[in-house]
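Bear in mind these aren't lab numbers, they're just calculated from the coordinates by the rules spelled out. As the structure is a computational prediction, the values presented were derived from the model and not from experiment. Note that each Cβ is placed from the backbone with ideal geometry, even for glycine, and that neighbours are counted across all protein chains shown.
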Amino acid sequence: MIKQFADSIIENVSKVIIGKEDVIRLALVALLAEGHVLFEDVPGIGKTTLSKALARTLGCAFSRIQFTPDLLPSDVTGIYWYNQKKQAFEFRPGPIMGQIILADEINRATPRTQSSLLEAMQERQITVDRDTYPLPQPFLVLATQNPIELEGTFPLPEAQIDRFLLKTRLGYPTAEQEDDLLLRYARQNPMTELEAVTSPEEIVRMQQAVRAVRMDDQVRGYLVQVVRATRDHPAVDLGVSPRGSLALYRASQAWAAVQGRDFVLPDDIKSLTPAVLTHRIHISPQTRLRGRTSEEVISEVVTQVPAPVFQ
């Protein structure tokens, strides 16, 4: 059931985003696992287009927040304004009160504004002037940042990065994919003809179904050992937090469901570890000086921890 649901979404979004089925699948995994995605890539790759296409395919309300240094927290969450006709203050919700949220160039906002997303991403609610408002369901934040241009940016704090279920890149298309892209966009934007293939209510049902995906004790123990190995690795100053363990657990459930299974395999954990854990570790300065990256360290961890074998 979930596999058919996922396949229909991937097929529909692929009408607009060509040759990136693996990235679309990861975004769908984040949605089903009730997490969020951080896209780190150069401009013009299609991050914004992917977010819009996914929202339209899912039939969800889409909001785009363009993060800039002068953006205020109230510009994100909303404000109370005085209605002269009613002689009372009324709440005017901000763009965060949507279902699919594009946080464009999130690292251009000040830390104060970035922090306005913390409660929303973790607790699915916002607090304005002591009043708490639940966010609509489903709720997915798709944030983007440019890894090349650092002028006028504010690095995301650890608390913010840790709230993203996974981090990924789209990458450049192949020559064949780029040629197909030109032909497909030659006469009109395929986004204009994109229709919803599901509904928010169906997505919530799929999220509940994902929670029922089983994980064997040995597989769960393997997941724990992978996470703990990041904390003991000599090249790592800050290992994966317990939130990271839970993120990998939930993502593995969603990945297995998208593959058409109701149980998690060790290979599911291996497949997701780079996207879920790489952005959650801090490698030491000496490791950086040697030219090693977080991706290489996580790959080494996965290689070193033995996976359970089932007869």
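Between residue 78 and 94, the built amide H atoms are under 5 Å apart, and every one of these is 5 or more places off in sequence or on another chain.
In what sequence do 222, 172 fall when counting other Cβ within 10 Å, fewest first? Don't skip to the end; give the middle numbers.
On the way: 222 20, 172 12.
Ranking 222, 172 by Cβ neighbours within 10 Å, fewest first, gives 172, 222.
Going from the residue with the fewest nearby Cβ atoms within 10 Å to the one with the most, 133, 249 rank 133, 249.
Rounded to the nearest 500, what is the 222 nm mean residue ellipticity of the chain from helices alone, with -39500 (n - 2.57) per DSSP H run of 4+ residues and division by all residues? List each step's numbers first, then the result.
Working: 14 runs with 137 residues, N = 311.
The helix contribution divided over the chain gives -13000 deg cm²/dmol.
Listed by chain and number, the lysines whose C-alpha is less than 20 Å from the C-alpha of residue 15, apart from same-chain residues fewer than 8 away, are 3, 47, 52. Shown in residue order for segment 257-268 are the 3J(HN,Hα) couplings computed by the Karplus curve 6.51 cos²θ - 1.76 cosθ + 1.60 at θ = phi - 60°: 5, 5, 7, x, 10, 10, 8, 9, 9, x, 5, 5 Hz (x for Gly and Pro). Each of the peptides 267-279, 72-84, 25-37 was scored by the mean count of other Cβ atoms within 10 Å over its residues; in descending order, highest first, they stand as 25-37, 267-279, 72-84.
Each Lys and Arg adds +1 at its Cβ and each Asp and Glu adds -1 at its Cβ; summed about the Cα centre, the chain shows a dipole of about 520 debye. Charges on Cβ only, +1 for Lys and Arg, -1 for Asp and Glu, centred on the Cα centroid of the chain; of 273, 301, 62, which one is farthest towards the dipole's positive end? Positive-most Cα among the choices belongs to 62. For the peptides 199-208, 95-104, the ranking by packing is 95-104, 199-208, with the highest mean count of neighbouring Cβ atoms within 10 Å listed first. Translational diffusion of segment 131-194, estimated by Stokes-Einstein from the Kirkwood radius over alpha carbon pairs at 25 °C in a medium of 0.890 mPa s, is 150 µm² per second.
Semi-axes of the equivalent ellipsoid for the chain, please: Cα gyration tensor eigenvalues, times 5, square-rooted, ordered largest first, whole Å.
On the way: eigenvalues 193, 122, 95 Å².
Equivalent ellipsoid semi-axes, largest first: 31, 25, 22 Å.
Going by neighbour counts of Cβ atoms within 10 Å, the residues 164, 89, 5 line up, fewest first, as 89, 5, 164. Against the empirical 2.2 N^0.38 Å (N residues), segment 171-265 has a Cα radius of gyration ratio of 1.61.
With the dipole of the chain worked out from charges on the C-beta (+1 for Lys and Arg, -1 for Asp and Glu) around the Cα centre, which of 126, 173, 51 lies farthest toward the positive end? Farthest along the dipole direction, towards plus: 126. Considering only the Cα atoms of segment 212-304, their convex hull presents on average a projected area of 5.6 nm².
Between residue 216 and 264, the built amide H atoms are under 5 Å apart, and every one of these is 5 or more places off in sequence or on another chain. Listed by chain and number, the lysines whose C-alpha is less than 16 Å from the C-alpha of residue 270, apart from same-chain residues fewer than 8 away, are 167.
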